[in-house]
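Engineer: Just dropping this structure here.
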Amino acid sequence: MSNTDTNYLLFLHYLCHEHPQKLLNIAKSYPNQDAFQEHQNEIIALIATPKRPKDAINSQINQFNINQYKAQLDTANVQWLSIMDPKYPSQLKHTHTPPLLLFYKGNIDHLRHPQLGIVGPRYPSQYAQQVAEQFTKELCPYFVITSGLAKGIDKVAHENALKKGYPSIAVVGCGLDIIYPQENQHLFHQLINNGLILSEYPLQSPPKPFHFPQRNRIVSGLCQGILVCEAGPKSGALITARLALEEHRDVFSIPGDIFNPLSKGTHMLIQDGAKLTQSIDDILNEFPEQPILSISPQKKQPQAPPSHLTQSEAKLLSLIPQESPINLETLQKKSNKSIPELLQYMSLFEINNLVIESSPHHYQRN
C-alpha cells in the first residue's frame with residue numbers, strides 16, 4: 001500500500017469502516033482508484049450484506065465527494081492519519097487488525113510515548129476506583145495512560161492522569177463529533193486540550209454495541225501493557241486483556257474480593273498467566289529500561305473570573321471547581337443561596353459556557 005493515495009483511503013474507509021479486516025484486505029488487493037474502478041463490482045460484492053445491498057453501496061459511491069468529506073472533517077476540527085503515515089503508532093500497525101485510518105482530536109505527538117492501558121467496569125466497586133486512582137497517579141510519570149473514555153474506571157484513569165498534569169489518550173467507539181457518554185463532556189474537552197482522542201469511526205457514527213470490542217483492540221494495540229482493575233467474566237475489560245495477551249502484551253491484574261462477581265475476571269486472568277499486581281513495582285519491574293516520560297507535568301493556572309460578571313456571580317463561580325463536579329446541595333451550603341437562585345445562576349453560567357452540568361445537579365467549571 002506504499003503508493004496508495006490518501007484520498008482513496010478516505011474513500012475506501014467511508015465505504016467499509018464497519019469491517020476493519022475486510023477494509024484492510026480491500027486496500028491491499030486494490031491499492032488505488034484505478035484498481036477499484038476496474039474491479040468495482042467484485043469489491044461491492046465483498047462489502048454487500050443483506051442489510052446493505054449492492055444498490056445502496058453503488059449509491060454511496062456515486063454520492064461521495066472527497067472535497068466535501070474533507071471539508072466536514074475540517075469544520076469539526078477532526079484530523080486523521082492513515083496506516084502509511086510516519087506518525088501512525090508502530091505497535092498498533094503490527095497488530096492483527098490495525099485500523100486503516102485513525103481520526104483524532106488533540107496532540108498526535110502523545111502517541112510517541114510509551115502507553116499503559118487502565119481498564120475496568122463502568123460500574124466499579126469503591127475498591128476498584130481507589131485502585132485505579134492510585135495506580136494512575138503513580139504510573140503517569142512513566143506511561144501515557146490510555147483508556148476508552150467510558151464511565152467508571154476509564155473515566156477515573158483519564159481524570160487522574162490529567163489532574164497530575166500529564167496527558168492521557170482516549171479511544172472511543174463513535175465519531176469524534178459525538179460525545180459518549182454525555183456525562184464525560186467536560187473530560188472530552190479536557191482530553192482535547194491536554195491529551196488525545198482517537199477513533200476509527202468517521203463523523204456521525206453513533207456508538208453501536210459492536211464498536212466497543214473493536215475499540216478495545218486499538219487500546220490493547222497501542223499499549224505496552226494493560227492493567228485490569230476489576231472485571232466481570234464477560235466484561236469489555238476482559239476482552240481488552242484477552243486481546244492484549246493475543247498481541248503478546250503484558251497484562252497486569254488486580255486481585256479482589258472472592259465474593260465480588262467483578263473479581264471473577266481479574267482472577268481468571270491471573271490463573272491464565274496475567275501478573276498478580278499489588279503495587280506499581282509489579283508493573284515497572286516488567287519494564288526495567290522504562291525511563292521517566294519526557295513530558296513536564298502541566299501546572300494548572302488559576303483562572304480569573306470573566307470581567308463581565310457581577311461581583312456576586314464571580315464569587316459564586318469561584319466556588320465551582322474545575323477538577324471534579326460539585327453537587328447543588330454542597331454549593332448551597334457554601335454560597336448561602338437558595339436552590340432556585342442557584343439554578344438560575346447555573347443556567348446563566350451554562351449559556352455563557354462557564355460551567356457544564358456533568359450529571360444532574362452536578363456542576364464543573366468549564
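Just so you know, all these numbers are worked out from the coordinates, no wet-lab data involved. Keep in mind that this is a model prediction, so the values were computed, not measured. In this analysis, Cβ positions are derived from the backbone assuming ideal geometry, glycine residues included, and neighbour counts consider all displayed protein chains.
Engineer: Stretch residue 113-residue 324 to full length: gain in nm at 0.36 nm per residue minus the Cα-Cα span? Spell out each step's value before the answer.
Structural biologist: Details: separation 211, 0.36 × 211 = 75.96 nm, distance 2.69 nm.
So the chain would gain 73.3 nm between residue 113 and residue 324.
Engineer: Still on this structure, I have one more. Once both axes come from the Cα atoms, what is the angle between helix 211-222 and the longest principal axis of the chain, in degrees from 0 to 90, rounded to 10?
Structural biologist: Orientation of helix 211-222: about 90 degrees from the principal axis.
Engineer: Let me ask something else about it. Do the sum for the chain: with -39,500 (n - 2.57) for every DSSP H run of n ≥ 4, divided by all residues, what is the mean residue ellipticity at 222 nm, to the nearest 500 deg cm²/dmol? Don't jump to the answer; show the numbers that get you there.
Structural biologist: Values: 17 runs with 159 residues, N = 366.
So the helix-based figure for the chain works out to -12500 deg cm²/dmol.
Engineer: Cα convex hull of segment 134-225: mean projected area in nm², to one decimal? Present the calculation step by step, with values, prior to reporting the outcome.
Structural biologist: Numbers: hull surface 22.0 nm².
Mean projected area for segment 134-225: 5.5 nm², to one decimal.
Engineer: Given the options 43, 118, 218, state which has the largest fluctuation in a GNM of the chain using a 10 Å cut-off (strictly under) for Cα springs.
Structural biologist: Result for the chain, Cα springs under 10 Å: 43 fluctuates most.
Engineer: Net charge around residue 36, counting only other residues with Cβ within less than 11 Å of its Cβ (Lys, Arg = +1; Asp, Glu = -1)?
Structural biologist: Working: positive: none; negative: 5, 34, 38, 42.
Neighbourhood net charge equals -4.
Engineer: On to the next question. What's the ranking of 269-277, 194-202 by average number of surrounding C-beta atoms within 10 Å, highest first? Can you show the working numbers first?
Structural biologist: On the way: 269-277: 16.6, 194-202: 23.4.
Sorting 269-277, 194-202 by mean packing, highest first, produces 194-202, 269-277.
Engineer: Looking at the chain as a GNM with Cα springs under 10 Å, which of 21, 63, 72 has the largest mean-square fluctuation?
Structural biologist: With Cα springs under 10 Å in the chain, the top fluctuation among 21, 63, 72 is at 63.
Engineer: Then there is this: Round to the nearest 0.05 the FRET efficiency obtained for residue 352 and residue 25 when R0 = 41 Å and r is the Cβ-Cβ distance.
Structural biologist: On the way: r = 50 Å, r/R0 = 1.23.
It comes out at approximately 0.20.
Engineer: Sticking with this structure for a sec: What do you get for the angle between helix 185-194 and the principal long axis of the chain? Use alpha-carbon atoms, 0 to 90 degrees, nearest ten.
Structural biologist: 80 degrees
Engineer: Further question: Treat the chain as a sphere of radius equal to its Kirkwood radius over Cα pairs and apply Stokes-Einstein at 4 °C in a medium of 1.567 mPa s; give the translational diffusion coefficient in µm²/s, rounded to a whole number. It would help to have the intermediate numbers written out before the result.
Structural biologist: Values: Rh = 22.3 Å.
Stokes-Einstein gives a translational diffusion coefficient of 58 µm²/s.
Engineer: Among all the aspartates and glutamates, which ones have a C-alpha under 12 Å from residue 87's C-alpha, if same-chain residues fewer than 8 places away are not counted?
Structural biologist: 109
Engineer: If you don't mind, another one. Roughly how large, in nm² to one decimal, is the mean projection of the convex hull of the alpha-carbon atoms in segment 309-366?
Structural biologist: Numbers: hull surface 13.7 nm².
Directional mean of the projected Cα hull area for segment 309-366 stands at 3.4 nm².
Engineer: Can you tell me the FRET efficiency between residue 54 and residue 96 if r is taken as the Cβ-Cβ distance and R0 is 35 Å, rounded to the nearest 0.05? Before the final figure, lay out each step's value.
Structural biologist: Numbers: r = 29 Å, r/R0 = 0.82.
Calculated transfer efficiency: 0.75.
Engineer: Using 0.36 nm times the number of residues separating residue 134 and residue 79, minus their current alpha carbon distance, what extension gain do you get? If you can, show how the numbers build up before the last one.
Structural biologist: On the way: separation 55, 0.36 × 55 = 19.80 nm, distance 3.30 nm.
Here the segment from residue 134 to residue 79 would lengthen by 16.5 nm.
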